[in-house]
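Taken together, the values in this text are just the output of simple stated rules run on the coordinates, not laboratory data. This one's a predicted model, so the numbers in the text were calculated from it and none came from an experiment. Positions of Cβ are backbone-derived with ideal geometry, glycine not excepted, and every protein chain shown enters the neighbour counts.
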Amino acid sequence: MALPAPNAPDDLLGRYRTARTQQALFDVRTGGPDAPSAGNGYDEFIDAAGDVRPAWQEVAECVEERGRSGLDQLRGVVRSLVDNDGITYIQVGRHGSVVGQPHTNGHGAAEPGPWHLDALPLVLSAEDWATLESGLVQRSRLLDAVLADVYGAQQSITSGVLPAPLVFAHPGYVRAARGIEIPGRHQLFLHGCDVSRAADGSFRVNADWTQAPSGAGYALADRRVAAHAIPELYERIGPRPASPWAQALRLALIDAAPESAEEPVVVVLSPGIHSETSFDQAYLASVLGFPLVESTDLVVRDGKLWMRSMGTLKRVDVVLRRVDAEFVDPLDLRADSRLGVAGLVEVLRRGAVTVVNTLGSGILESPGLQRFLPELSQRLLGETPELATAPMYWGGINTERSHLLTHLTRLLIRPVTGGAPLVGPALSAAQREALAARIEAAPWQWVGQELPQFSSAPSAYQYRGLSASNVGLRLFTVAQRGGYAPMVGGLGYQLAAGEAAFTLNTVAAKDVWVRVSARVGVDWTPPVELPAITPSPTRAVSSPRVLSDLFWSGRYAERAEHMARLLTVTRERYHEFHYRREMDGSECVPVLLAALGTITGTDTGADGDHAEMVATAQSTLWSLTADRQRPGSLAQSVERLGLATRAVRDQLSNDTWMVLAALERALLNSPDTPPDSQAEGEAFLSATSNLTLAGMLALSGVAAESMIRDVGWTMMDIGTRIERGLNLTALLGATLTTVRSPGAEQTITESTLVVLESSVIYRRRMLGRVDMSAVAELVLFDADNPRSLAYQLERLRTGLKALPGSSGSSRAERLVEEIGTRLRRLDPDDLDDVVDGERVELTALLDGMHRDLRELSTIITATHLSLPGEMQHLWGPDERRLVP
């Protein structure tokens, strides 16, 4: 298909070549003469004659059909789907790289940002994929052989093929891992490989990821988004599915269990929600059906690894590790780590658990070792690598050191002792001189690598219409009994402009579509070998960490809902009485503002001065809506709800993220101060409160209709009931305990009932009359009202009884029973007794109930949501005498 002449405004294909040329000029200007550009390398989309390559015919037709406006619309659809699926990435590195290894040392915290996905896929022909697949599987076999040798016989070192300093000086080499072997025929379990296409059309390897490879979860999530965003193109091309690889990974994990495991339990170990790729970990765990755990969910006892689950301990047999090796055991490895499990290395030595990738696999990422992969391939496999690595020069060899020093401006300089690579073209003259001196002083510590080359492909991500961008691939394999199974496709990515591309910094991901071979006509995926053993079903993880996040998810969701209602009512009353302050009902405005201050524990007026409260009401309402730093604000509640739910993503329905994404977009990106236009500010506050209320009701529905009634759901419901009780007692205490004029009393009472979602039934019962005993009957004593205190206590009683280890006489259960008994003994009519303008009985009741509910939360946290504080013996009773 030839490109037409650019004669129409939407002739995107005809303008593609022009875009490539312009992009090349731009890249050279910003990145220097050695910068990769979208115009001077291999083009995936069009050939040298300007014709669309056969694999891309349907994409070209789709672009023509949609035009500029259609591509813009598609871009918006992709963004919406990404948000609705809750796909996030925490940007820690420069340019927000989507493929850099996650920082897992636990220092600092960053907020999750949106995942960037290009609307157009990266299409690979069947022939290209055959080349990649064969070379990738061979490379996995080679790295597996190297790993087994380095931690085993070390023949490659003793024979002189691999210089010893390149192994032992690299931080990826873990001495404690020597002698540890995982079951099966392969020591390298999971392999990630970054590949790009050179100008001559051949594929080159830019990096291997063997420590804790990331990106497979993103690749699977990207396919889901792309298939929904452009279903007509997906159907026409019919790319080979990536999902069979997830099944292969799942069965491989089961098969990796120690021989003693009859029904293996498999977990995915995550550094936590603040890891760069926390979504990737959680999504992969969900697809695999294995629990996502953190270090606090695991414990070593009696020489074995256990998971806290359902109030007991459950034996763990296999761990898919996403924590860097040096952090997995503070006892044997890095002492300051809070991401690992004390004693895990010893359990590995005993063969009582399998951890993959195995400890020490990070050595395969060493640039020094990669320099000698061709020689190692000949020695260990007797084969020549099918996928070449960019030429590398080690400073330990005189001729190569000379080349390295002479061509510093044209190389990627990588230290073999660990650390970030240095981009030669980006160095100043002084920096190059200093670097050359360091290389001369310790030449064996440095490797120079030819700059990566990248092909270009069409993109609809950054610019309106169609543009050209440099692209790369991350491919994945998983060990099987008979070899390595590759994920068909993998994670594609669009590289940043200039020198940033040389260190694989990216701006967006691309779904990778592999075409079915014309000879086959349909996709054929070899059957996955089934393991001889079956996994033990893990219904839920109920460690204190998981239960705590679910508990607070319930509390924050209820807090946000209550705050949205209270803010809405306060704002409506403010506008109703702003210019009618002489009316009795106007007193409700400062009362409601004071209630906001009481509930959030913040100041909403100058020492209770009603006039000051009303004068600053607008800024107060804005702050309590949009200021994430203000305790109890709507924005803070939504933000913390998001953090809590993402920490237990594998426990929740996918529909959760559709609701949360809309809320976070509306609230968490709002300005700290209100706009100059009062109308704009009011529109924002109204829309935000309504959206939050609708979102919280939707989440409540999702929890009610989609969550299994296990201990996690029970703990979330307990959090909801405690928070609702606290909000109710605080609100009633701030609004109804003081006697006011009849007009003010009626307005305040009606406002309070609206916030408590009980106004309709109250009006039906009382026909507009205000009767405090009737209000108390409805919102405190009526067990049939889901918003009443009695109802919350009954749900708490039921929930606590359902928790593991419930005896009926625990501290929490006794306290709930005492609160309920005290409530049942009261007469609603007595709560209207007035002394010096105060309803003393009502005040005493509400203060006591509020205090008891806070105590209940403290007790539950201490008994169900906290880790044991005492030290535990790591090994069995026969060995405890050996523990100092």
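Cβ neighbours within 10 Å, averaged per peptide: list 400-411, 122-133 in order, most packed at the top.
Averaged packing, sorted descending, gives the order 122-133, 400-411.
Ranked highest first by average number of other Cβ atoms within 10 Å, how do 481-491, 156-166, 294-304 line up? Before the final figure, lay out each step's value.
Working: 481-491: 22.3, 156-166: 16.2, 294-304: 20.3.
Ranking, from highest mean packing down: 481-491, 294-304, 156-166.
Normalised by the residues of the chain, what does the relative contact order come to in percent, with Cα pairs under 8 Å and at least six apart?
This gives 16 percent for the chain.
Taking the Cα centre of region 708-864 as origin and charging only Cβ (+1 Lys, Arg; -1 Asp, Glu), how large is the dipole, in debye to the nearest 20?
Working: 20 positive and 25 negative charges, 118 e Å.
So the dipole magnitude of region 708-864 works out to roughly 560 debye.
In whole percent, what relative contact order does region 734-852 give with Cα contacts below 8 Å and a gap of six or more residues?
Relative contact order of region 734-852: 25 percent.
Set Lys and Arg Cβ to +1 and Asp and Glu Cβ to -1, take the dipole of the chain about its Cα centre, and tell me which of F502, T625, H575 lies farthest positive.
Result: F502, furthest along the dipole toward the positive end.
Among the lysines, which fall within straight-line cross-link reach of K314, defined as a Cα-Cα distance under 25 Å, with same-chain neighbours fewer than 8 residues apart omitted?
Partners found: K304, K801.
Among the aspartates and glutamates, which have Cα under 12 Å from the Cα of K510 when same-chain residues fewer than 8 positions away are ignored?
By straight Cα distance, K510 reaches D118, D222.
Per residue, what volume in Å³ does the Cα convex hull of region 192-305 take up?
On the way: hull volume 18.7 nm³, N = 114.
Roughly 164 Å³ of hull volume per residue.
Compute the projected area of the convex hull of the Cα atoms of region 567-707, averaged over all viewing directions, and report it in nm² to one decimal place.
Approximately 9.2 nm², given one-decimal rounding.
Taking 2.2 N^0.38 Å as the expected size of a compact globular protein, what ratio does the Cα radius of gyration of region 115-161 give against it, to two decimals? Mind dumping the intermediate values first?
Numbers: Rg = 17.7 Å, N = 47, 2.2 N^0.38 = 9.5 Å.
Normalised by 2.2 N^0.38 Å, the Cα Rg of region 115-161 equals 1.86.
So what does the Cα-only Debye profile of region 681-734 read at q = 0.14, 0.16, 0.20, 0.24 Å⁻¹, as log10 I(q)/I(0), no solvent term?
Log10 of I(q)/I(0), two decimals: -0.55, -0.68, -0.88, -0.96.
Write down the Kirkwood hydrodynamic radius of the chain, to one decimal in angstroms, obtained as one divided by the mean of 1/r over all alpha carbon pairs.
Result for the chain stands at 30.5 Å.
If you place +1 on the Cβ of every Lys and Arg and -1 on the Cβ of every Asp and Glu, how big does the dipole about the Cα centre of the chain come out, in debye to the nearest 20?
1860 debye
Looking at the chain only, what percent of DSSP beta bridges run antiparallel? Nearest 5 please.
Looking only at bridges with both residues in the chain, the antiparallel portion is about 75 percent.
If you take the C-alpha gyration tensor of region 331-448, multiply each eigenvalue by 5 and take the square root, what semi-axes do you get, largest first, in whole Å?
Working: eigenvalues 230, 89, 26 Å².
For region 331-448, the ellipsoid semi-axes come out as 34, 21, 11 Å.
Compare the Cα positions of S653, P674, M613 along the charge dipole of region 567-707 (+1 at Cβ of Lys, Arg; -1 at Cβ of Asp, Glu; about the Cα centre) and return the one farthest towards the positive end.
Comparing the listed Cα positions along the dipole, S653 ranks first.
So for region 708-864, what are the equivalent ellipsoid semi-axes in whole Å, largest first, each being the square root of 5 times an eigenvalue of the Cα gyration tensor?
Square roots of five times the eigenvalues give 30, 16, 12 Å.
Between beta-carbons, use under 11 Å as the cut-off and find the net charge around S377, counting Lys and Arg +1, Asp and Glu -1.
It works out to a net charge of 0.
Could you work out [θ]222 nm for the chain from helices alone, using -39500 (n - 2.57) per DSSP H run of at least four and dividing by all its residues? Round to the nearest 500 deg cm²/dmol.
Helix contribution divided over all residues of the chain: -14500 deg cm²/dmol.
Cα atoms only: what Rg and Dmax, in Å, come out for region 587-640?
For region 587-640, the Cα-based Rg and Dmax read 10.7, 33 Å.
Could you sort the peptides 247-254, 387-394 by per-residue average Cβ neighbour count (10 Å cutoff), highest mean leading?
Per-residue mean Cβ counts within 10 Å order the peptides as 247-254, 387-394.
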